[in-house]
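Taking it in order: structure first as structure tokens, then the write-up.
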Amino acid sequence: MTAGTGFDTDAFHVYDTTLRDGSQGEGMSFSVEDKLAVARLLDELGVGFIEAGWPGASPKDTEVFRRAQTDLALETAVLVAFGATRKAGTTADVDPQVAALLDSEAKAITLVAKSSMRHVSDALRTSRDEAIAMVNDTVALLVREGRRVFVDAEHAFDGYTLDAAFTADVVRAAHEAGASAIVLCDTNGGTLPWRVAEVTRELLAAVPGARLGIHCHDDTGCGVANTLSAVEAGATHVQGALNGYGERCGNADLVSVIGGLAAKTGRAVLPPGRLQELTRVSHAVAAVANRPPRRQAPYVGASAFAHKAGLHASALKVHADLYQHMDPAAVGNDMRLLVSELAGRATIELKGRELGLDLSSRPDVVASVTDQVKDLESRGWSFEAAEASFELLLRGALTGERPSAWDTTSWRVSVGPEGAEATVKLVVKGEPVLAAGEGNGPVDALDHALRGALEKTYPRLATLELVDYAVRILEDAHGTGAVTRVLVTTSDGDRTWTTVGVDANVVSASWQAISDAYTYGLADL
């Protein structure tokens, strides 16, 4: 029970394995501090269990559980240690791996156990009876020591197809020894949803009273669907990794599992008010993992509630749910209107409203901007990717004067063997300004020159930083005369925005994008 909320964390288990199974993904690596930071974020989301690693098998994971005793105060979640059942031919009370699990002082422990006879004979090289005894003995010992025990029945679905009686015996042994839940694992990720549901129902019938869970990998793209199918069939414990992290194709994405269960079935899987944290926590964990958030991720992606086609925008003016499956605010996300060559007048009007501009009484502006966008996009501009440039265009059309912190008289760049030099002539607040700059290339030199011309009048410019610069050759142009599109992303530490420039001359395109970037950053928009 979560204090003060009346929420029963044991009614349905949400179990996160980002820090153990998720960290096995290619290119993934969490330090001890990273693991503690992610655990705090998961606790803020309200998950019930956080699998933090395998103490004894990894010095890092051993240190995580040691540090957790003093450095990790969890409100909702229970930290779980992962390990294996005792080895064949020994006893649980002398097995060093089992001892390491106890030494971790984790209140809950998950044991991986073979539930496929093929793995028992080929990998463990032991007998059916000994494999069952390994499960029974280890679970019973840990329960006697006061630990809550979950059993991950590895290869459960493949094993059940091969020898259903053996898989059922593993589930039964774990249940009778006191396991809180036996988790059916689609370890190779090859099972499809209807088979997951079928096996889950049959095992629930075969072992009355056992609590079953589900742990799926995404090798067929069905990890989330398989998890939801198991719940529909009676599983009350779900495992997954946030953002779908994990080896090969990843684990079932716990974000989508939570979204599906909470938003679509109304199941109380998180404490009250926590579902709105889903987007924030997903993105924060991605930052710790040093992975960019996936734009098209369901529920939490930047594109999850983004609309581009004019037909959609026209309907959205009537009611937002006509082209959205739910209110994005419920999961902490936002609806976005994308401005592109597909935009109609409704898109422009709704985008203006999003920017705080009421265009309902200015059909002339809406029509003019719609035509401008379509024309510019046909010539290479991309306002979908550069919303700051679009906002400057829209405000200029609305007021009759495009926002500008200066007027450009001229600029010039020269390149030599030792680098590049640039000169800019501007009029800043009525005063002519001449400034020069050097750089390792023409764009860098131009940026330094522009900053030099503006920094005295606009000290705030010092807070603006160009964080990304991308050049693309447009598809319908060829050779050295090809038209280029430049996208510049800028940040002031709090906000980040992107601007665009297009020209046959890459330096000229860069000047357009950088000028928009600084104009946007210096304007009070």
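The values are calculated or read from the model by the stated rules, or taken from the named source; none is laboratory data. From a predicted model like this one, the values you see are computed outputs, not experimental measurements. Cβ sites come from the backbone with ideal geometry, for glycine too, and all protein chains shown count toward neighbours. Areas reflect the complete protein model, heavy atoms only, side chains present, ligands, DNA and RNA absent. Shrake-Rupley method; radii C 1.70, N 1.55, O 1.52, S 1.80 Å.
How much net charge surrounds Val415 when only other residues with a Cβ under 15 Å from its Cβ are counted (Lys, Arg +1; Asp, Glu -1)? Each step should come with its number before you reach the end.
On the way: positive: Arg412; negative: Glu418, Glu421, Glu438, Asp444, Asp447.
With Lys, Arg at +1 and Asp, Glu at -1, the net is -4.
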ask   = Among Asn243, Ala445, Val300, whose Cα lies farthest out toward the positive end of the dipole of the chain, if unit charges sit on the beta carbon of Lys, Arg (+1) and Asp, Glu (-1)?
value = Val300
task = Please check which bits of the range 240-274 a label hung off Arg291 would reach, taking the label as a point 7 Å along Cα-to-C-beta and the cut-off as backbone N under 16 Å.
result = 240-258
inquiry  = With bins 5 Å wide starting at 0, give me the P(r) of the range 80-238 over every alpha carbon pair, in whole percents.
reply    = 2, 10, 20, 23, 20, 14, 8, 2, 0
Cα-based Rg / Dmax (Å) for the range 1-68 = 13.2, 40
message = What is the angle, in °, between the Cα long axis of helix 506-522 and the longest principal axis of the Cα atoms in the chain? Nearest 10 is fine, range 0 to 90.
response = 80
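If Lys and Arg each add +1 and Asp and Glu each add -1, what is the summed charge of the other residues whose beta carbon sits under 15 Å from the beta carbon of Met134?
Details: positive: Arg86, Lys87, Lys114, Arg125, Arg128, Arg172; negative: Asp93, Asp95, Asp129, Glu130, Asp137, Asp152, Glu154, Asp169, Glu176.
Surrounding charge for Met134 is -3.
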message = Give me the percent relative contact order of the range 5-115, please, defined on Cα pairs under 8 angstrom at least 6 residues apart.
response = 24
query = Over the alpha carbons of the range 230-270, what is the largest minus smallest coordinate on each principal axis, giving the biggest first in Å?
reply = 30, 19, 13
note = Computed from every Cα-Cα pair in the range 249-297, P(r) in 5 Å bins starting at 0 and rounded to whole percents is 5, 18, 27, 26, 15, 9, 1
message = How large is the convex hull of the C-alpha atoms of the chain per residue, in Å³?
response = 201
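If contacts are Cα pairs under 8 angstrom and at least 6 residues apart, what is the relative contact order of the chain in percent? Mind showing how you got there, number by number?
On the way: 1083 pairs, mean separation 47.1, N = 525.
Across the chain, relative contact order equals 9 percent.
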request  = Would you work out the relative contact order for the range 392-485, in percent, from Cα pairs under 8 angstrom that are 6 or more residues apart?
outcome  = 16
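Given R₀ = 22 Å, what would the calculated FRET efficiency be for Met326 paired with Arg195, taking r from the Cβ atoms and rounding to 0.05?
Working: r = 29 Å, r/R0 = 1.31.
Efficiency, from the Cβ-Cβ distance: 0.15.
State the dimensionless ratio Rg/Rh of the range 208-303 (Rg: radius of gyration of Cα atoms; Rh: Kirkwood radius). Present the calculation step by step, with values, prior to reporting the outcome.
On the way: Rg = 13.5 Å, Rh = 13.8 Å.
A ratio of 0.97.
Diagonalise the Cα gyration tensor of the range 410-525 and give the resulting equivalent ellipsoid semi-axes, square root of 5 times each eigenvalue, largest first, whole Å.
Numbers: eigenvalues 109, 68, 31 Å².
The three semi-axes for the range 410-525 are 23, 18, 12 Å.
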request  = Identify all lysines with a Cα-Cα distance to Lys429 below 20 Å; exclude those on the same chain that are fewer than 8 residues away in sequence.
outcome  = Lys456
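For the pairs Lys35/Lys107; Lys374/Lys425; Lys351/Lys374; Lys35/Lys264; Lys35/Lys114, flag any whose C-alpha to C-alpha distance is greater than 21 Å. Don't skip to the answer; put the middle values down first.
Details: Lys35/Lys107 18 Å; Lys374/Lys425 32 Å; Lys351/Lys374 15 Å; Lys35/Lys264 30 Å; Lys35/Lys114 28 Å.
Exceeds cut-off: Lys374/Lys425; Lys35/Lys264; Lys35/Lys114.
Rounded to whole Å and sorted largest first, what semi-axes of the equivalent ellipsoid does the C-alpha gyration tensor of the range 351-442 yield via the square root of 5 times each eigenvalue? Please report the intermediate quantities before stating the final value.
On the way: eigenvalues 233, 62, 22 Å².
Those come to 34, 18, 11 Å.
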message = Taking the solvent-accessible surface of protein heavy atoms with a 1.4 Å probe, what is the per residue accessible area of the range 190-250 in Å²?
response = 35
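Mind listing which trypsin sites (Lys or Arg not before Pro) in the range 169-252 are in a DSSP loop and have 15 or fewer other Cβ atoms within 10 Å? Don't skip to the end; give the middle numbers.
Details: sites: Arg172, Arg195, Arg201, Arg211, Arg248; in loops: Arg211, Arg248.
Sparse-neighbourhood loop trypsin sites (Lys or Arg not before Pro): Arg248.
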query = Using the alpha-carbon atoms, what tilt in degrees (0 to 90, nearest 10) does helix 32-45 show relative to the longest principal axis of the chain?
reply = 90
request  = Taking the Cβ of Gln97 as the centre, find all other residues whose Cβ is under 10 Å away and add up their charges (Lys, Arg: +1; Asp, Glu: -1).
outcome  = +1
query = Hey, what's the range 253-294 come to in accessible area per residue, 1.4 Å probe, Å²?
reply = 42
query = If you roll a 1.4 Å probe over the chain with all protein chains in place, what percent of the accessible area is carbon or sulfur?
reply = 50
request  = Would you kindly compute the Cα radius of gyration of the range 122-165 and its largest Cα-Cα separation (Dmax), both in Å?
outcome  = 12.4, 35
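Strictly greater than 21 Å: what percent of every Cα pair in the range 1-131 meets that? Can you show the working numbers first?
Values: 4062 of 8515 pairs.
Tail of P(r) above 21 Å: 48 percent of Cα pairs.
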query = How many Å³ per residue does the convex hull of the Cα positions in the range 144-234 occupy?
reply = 83
